[in-house]
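The values are calculated or read from the model by the stated rules, or taken from the named source; none is laboratory data. Given the structure is predicted, the values throughout are model-derived calculations rather than measurements. In this analysis, Cβ positions are derived from the backbone assuming ideal geometry, glycine residues included, and neighbour counts consider all displayed protein chains.
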Amino acid sequence: MRQIFLDTETTGLDPKQGHRVVEVAGVEMFNRRLTGKHFHRYLNPEREMDARAQEIHGLSDDFLADKPKFREIAQEFLEFVSGSELVIHNAPFDVSFLDSELGLVGMPQIRNHCPNVVDTLALAKELHPGKRNNLDALCERYGVNHSKRTLHGALLDAELLAEVYLAMTRGQETLVIELDGAGPAGGEAFTFERMLVVLRASEAELAAHHALLEEIDKASRGGCIWKSAPAA
């Protein structure tokens, strides 16, 4: 599977108020391995930067003045991301800005080019309810080095997100089934990426398990249904 880990920086919080993208970056991953390919552009937003936004990412009007406008890089950007699964932290925010930028140049919304979008913020909230789940917190939780992240930056944040995503979804690759050539009858043959190892219980473990069931059965006055279950 081809995935693009994507991030944007903007002039403010709401594209409906005329805010624009000032930086966009994506890093490519194929079958859970980074390929080394990336896309990164600073953009002239054709408007002034909000002070609060500049505090977050450090990009000034002067720095962006000679950078290309989104319409100048739109086709190159779409060629890089098209057909991939986009992985974005707080995806609704970035998608709304990308859709706004694409709309300004008369192009279809981003999901027309990348139908699948994964929101890692929503995923993190499912895995860690009630905890901080911003990118810094996730880096700390999963042991990802984010010491260089003194300010928000689209390329660095996309790279960190890729590492965090791999840590958040670790183990899923053992259950992934891939197409691997044609089957004997002309169909598709399926192979597991990794073999699952089954560890049988030892005699001591079986004895301890049996003793525990006896205790449960006694405490429940014969109501332990596991005693009658067939052995695996």
Exercise. Identify, please: which residue in the range 11-54 is loosely packed, with under 15 Cβ neighbours inside 10 Å and among the aliphatic types (A, V, I, L, M) and is, among those, nearest to Glu159 (Cα to Cα)?
Worked result: Leu13
For this session: Might you let me know whether the range 1-18 holds any residue that is aromatic (Phe, Trp, Tyr) and closer than 17 Å to Gln75 by Cα?
Result: no
For this session: Return yes or no: is Leu206 at pLDDT 95 or above and either in contact with a strand residue (DSSP E or B) (Cβ under 8 Å, 6 or more places away or on another chain) or part of a helix (DSSP H, G or I) (or both)?
Result: no
Exercise. In the range 55-87, what residues are without any contact (Cβ under 8 Å) to a residue 12 or more places away in the chain and surrounded by 18 or more Cβ atoms within 10 Å (Cβ to Cβ)?
Worked result: none
Exercise. Looking at the range 58-74, is at least one residue modelled with pLDDT under 95 and over 17 Å from Phe5 (Cβ atoms)?
Worked result: yes
Seminar exercise, completed: Note on the range 101-140: residues surrounded by 16 or more Cβ atoms within 10 Å (Cβ to Cβ) and within 19 Å of His152 (Cβ to Cβ) are Glu101, Asp119, Thr120, Leu121, Ala124, Asn133, Leu135, Leu138, Cys139
Exercise. Among the charged types (D, E, K, R), over 19 Å from Glu23 (Cβ atoms) and touching a residue at least 24 places away in the same chain (Cβ under 8 Å) - does that describe any residue in the range 129-139?
Worked result: no
Seminar exercise, completed: When the range 113-151 is checked residue by residue, the ones that are of a type in the set (A, V, I, L, M) and closer than 15 Å to Leu166 by Cβ are Val118, Leu123, Ala124, Leu127, Leu135, Leu138, Val144
Exercise. Is it the case that some residue within the range 140-151 is part of a helix (DSSP H, G or I) and touching a Ser or Thr at 6+ places or on another chain (Cβ under 7 Å)?
Worked result: no
